[in-house]
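Okay, so here's the structure we're looking at.
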Ligand SMILES: [Zn+2]
């Protein structure tokens, strides 16, 4: 991790600043500590979550003994055994033998081995899906500024959006799945990139006024406490920072299995309540003329997108 954005890391549980601690001097092993706990960094991924099994403490124990692969295996708690084996082997090949498997090949192997075949089939087919193109257009292509941006991607998955980032920007990808962050970390393309395995419903792990952009790509529907995450987004964004949501849907019988929908009207009210301004709605896809703007009363209920900017009091 080459980025100084780590100076702005904050514990989502106690809201105090996270301080880097190096151990096993010279081996590049380190962790982050706050008032309430200590969180490990495994192969550059910050493991910033707590569970009933004290997984973060077990990972730390292994790291402190110099057992990085064992720590990595422990972090894969909850991952299917076949997938654990495949990703362990991939990391072993890369970090011990220096052999790098292509991302498509890894996804194909994970798909063939199962379980969760539909998920890996989706990942294999959707590395250039409409919503990804729309997010890239809104957050990168449309931005003419030569300024360096700090971008945070909430629910980063295996890092498809990170592939689109300009090399001068700083990127943070959050995901609650360690398997996803492990795949993303393996194929990351820029140095200014930090993956954090965290549970965003506990809060966003940064101090206030840090980011120029926050993106929810195909993820906001899965957030339970939507108002809290909007508040958190406003907190970590800089003044006039851009808030982007791609692929949200309304709540109806057709969207029952797609997470937790929200109407454009309700979303507009939540954003306005949290001092967001210039709230604009558009469709999930982009064409040669750019975004397909719509009003909040005429959004496509099965999938709409929006952007807004942080107002003065956000
Ligand atoms: Zn803490």
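Just so you know, all these numbers are worked out from the coordinates, no wet-lab data involved. Computed from a predicted structure; not experimentally measured. Cβ: placed from backbone, ideal geometry, glycine included. Neighbour counts: every protein chain shown.
In what order do 160, 216 fall by count of nearby beta-carbon atoms within 10 Å, going from fewest to most? Intermediate values should be presented prior to the final figure.
Values: 160 22, 216 26.
Ordered by Cβ neighbours within 10 Å, fewest first: 160, 216.
Taking the alpha carbon gyration tensor of segment 130-310, multiplying each eigenvalue by 5 and rooting it gives semi-axes of 23, 18, 17 Å, largest first.
In segment 283-304, whose amide N lies under 16 Å from the spot 7 Å out along Cα-to-Cβ of residue 144? List them in ranges. 290-291, by backbone N distance to the label point. Shown is the FRET efficiency for residue 23 and residue 70, computed with R0 = 22 Å from the Cβ-Cβ distance and rounded to the nearest 0.05: 0.90.
Provide the gained length on full extension for the span residue 293 to residue 252, in nm with one decimal, where the gain is 0.36 nm per separating residue minus the Cα-Cα distance. Mind dumping the intermediate values first?
Values: separation 41, 0.36 × 41 = 14.76 nm, distance 2.25 nm.
Here the segment from residue 293 to residue 252 would lengthen by 12.5 nm.
Among DSSP beta bridges lying fully in the chain, give the percent that are antiparallel, nearest 5. Percent antiparallel among DSSP bridges in the chain is about 55.
For the chain, averaging the sequence separation of C-alpha pairs within contact (under 8 Å, six or more residues apart) and dividing by the residue count gives a relative contact order of 15 percent.
With one equal scatterer per alpha carbon and no solvent term, the Debye-computed log10 I(q)/I(0) for the chain at 0.07, 0.11, 0.12 1/Å reads -0.27, -0.69, -0.83.
Taking 2.2 N^0.38 Å as the expected size of a compact globular protein, what ratio does the Cα radius of gyration of segment 38-139 give against it, to two decimals? Please list the in-between numbers first.
Working: Rg = 16.1 Å, N = 102, 2.2 N^0.38 = 12.8 Å.
Relative to the rule-of-thumb radius for its length, segment 38-139 sits at 1.26.
If packing is taken as the average number of other Cβ atoms within 10 Å across a peptide's residues, how do 30-39, 124-133 rank, most packed first? Please report the intermediate quantities before stating the final value.
Values: 30-39: 17.5, 124-133: 14.7.
Averaged packing, sorted descending, gives the order 30-39, 124-133.
Here the label points at residue 116 and residue 38, each 7 Å from Cα along the C-beta direction, are separated by 3.0 nm in the simple model.
Determine, from the Cβ-Cβ distance of residue 100 and residue 199 and an R0 of 35 Å, the FRET efficiency 1/(1 + (r/R0)^6), rounded to the nearest 0.05.
Values: r = 30 Å, r/R0 = 0.85.
With R0 = 35 Å, the Cβ-Cβ based efficiency is 0.70.
At 0.36 nm per residue, and after removing the present C-alpha to C-alpha distance, how many nm does the segment from residue 312 to residue 222 gain when stretched out fully?
On the way: separation 90, 0.36 × 90 = 32.40 nm, distance 2.84 nm.
Once the chain is fully extended between residue 312 and residue 222, it gains 29.6 nm.
Under 20 Å from a label point 7 Å along Cα→Cβ of residue 80: give me every residue in segment 154-171 with its amide N that close. Inside the label zone: 157-159.
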